[in-house]
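To keep things clear, I will list the structure first and then write my remarks on it.
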Amino acid sequence: MSFAKPTIFSFSMLVLIGCSQTEEANYTGSIEAKKQTIYSPLQGEIQNIHVAEREAVAKDELLVSLDERLLELQTAEAEASVRLADAEIEQAENEAASNVQLDALNSQRDQAQARLEQAQYHQSKANIHSPKDGAILEWLIDEGDFVQTGTPLVTILTDAPLETTIYVPQSELPEFSEGMAVQISAVALPGETFEGTVSFIEKEAIYSSQTIETNEDKASQVFPVHITIESNDEQLRAGMDVEIWIDSL
């Protein structure tokens, strides 16, 4: 009987190079850099882009500004509504208005204050800053574009440590644990080795074939193991092929 896997993952399976129990186990992968996409917190027109692609950015640095003219108008109108509500309450108190009238006026004042706070919040979001140190990888909008809330604006290549992912057969998974040290070598940098740490072992396996028919097919399932590269060496670049070595048990 054939058991179909409902979700098929596309990946290049990383093969363990044959070794004895006294040798090291070798897996292959490629270096990955962490990316983060920033989305527009509100709708509006893109007024200024402050940093060019490929330029470095610091955390909290201004990246892009939305047109604030409409937001400023909305804030000014909300402030005027609060002032008017305060004046009406003061007048009602001077005229010895009933408690019912005062309650109604205070309720209107609370609503005006809520609109003001919302307008001020929106205006504060018109200038969008970098959440982390890194570099601008790609702008997804241009100056003059009108964007909606949630529109992707820019992708940042963060300064987080580089990573790589290997795919470990289930029979070899017991050799791995989160936090364990590994050795890494880059194909482009022969003779050099770098330290790495297993940062996360995924809980669910993926399969190297679309159908699972035999025990051998079941044995082909692999688990993604994520490794952080503990090096700031500028020679290491995203996309480089690497080998990961562990002491074989």
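In the range 50-71, of all residues being under 19 Å from the mean Cα position of the chain (by Cα) and buried (at least 17 other Cβ atoms within 10 Å of the Cβ), the one that is nearest to Ile156 (Cα to Cα) corresponds to Val57. Can you find even one residue in the range 161-171 that is surrounded by 13 or more Cβ atoms within 10 Å (Cβ to Cβ) and assigned to a helix (DSSP H, G or I)? Yes: one or more hits. Only one of the listed residues (Ile17, Ile38) is among the aliphatic types (A, V, I, L, M) and modelled with pLDDT of 95 or more. That residue is Ile38.
Here Glu178, Glu195 are screened, and the one residue that is acidic (Asp, Glu), at pLDDT 90 or above, part of a loop (DSSP other than H, G, I, E, B) and loosely packed, with under 13 Cβ neighbours inside 10 Å is Glu178. Given the criteria over 11 Å from Ile38 (Cβ atoms), assigned by TED's automatic domain parsing to the domain that holds Pro41 and not small (Gly, Ala, Ser), does Asp103 qualify? So Asp103 does not fit the description; no. Within the set Gln74, Gln47, Gln91, Gln108, the sole residue that is in a helix (DSSP H, G or I), within 34 Å of the chain's Cα centre (by Cα) and not assigned by TED's automatic domain parsing to the domain that holds Met240 turns out to be Gln74.
The lone criterion from (1) small (Gly, Ala, Ser); (2) over 30 Å from Ala76 (Cα atoms); (3) crowded, with 16+ Cβ neighbours inside 10 Å left unmet by Ser130 is number (2).
The values are calculated or read from the model by the stated rules, or taken from the named source; none is laboratory data. All figures in this text were calculated on a predicted structure; none of them were measured in a lab. Methodologically, a virtual Cβ is constructed for each residue, glycine included, from the backbone with ideal geometry; neighbour enumeration extends over all protein chains shown.
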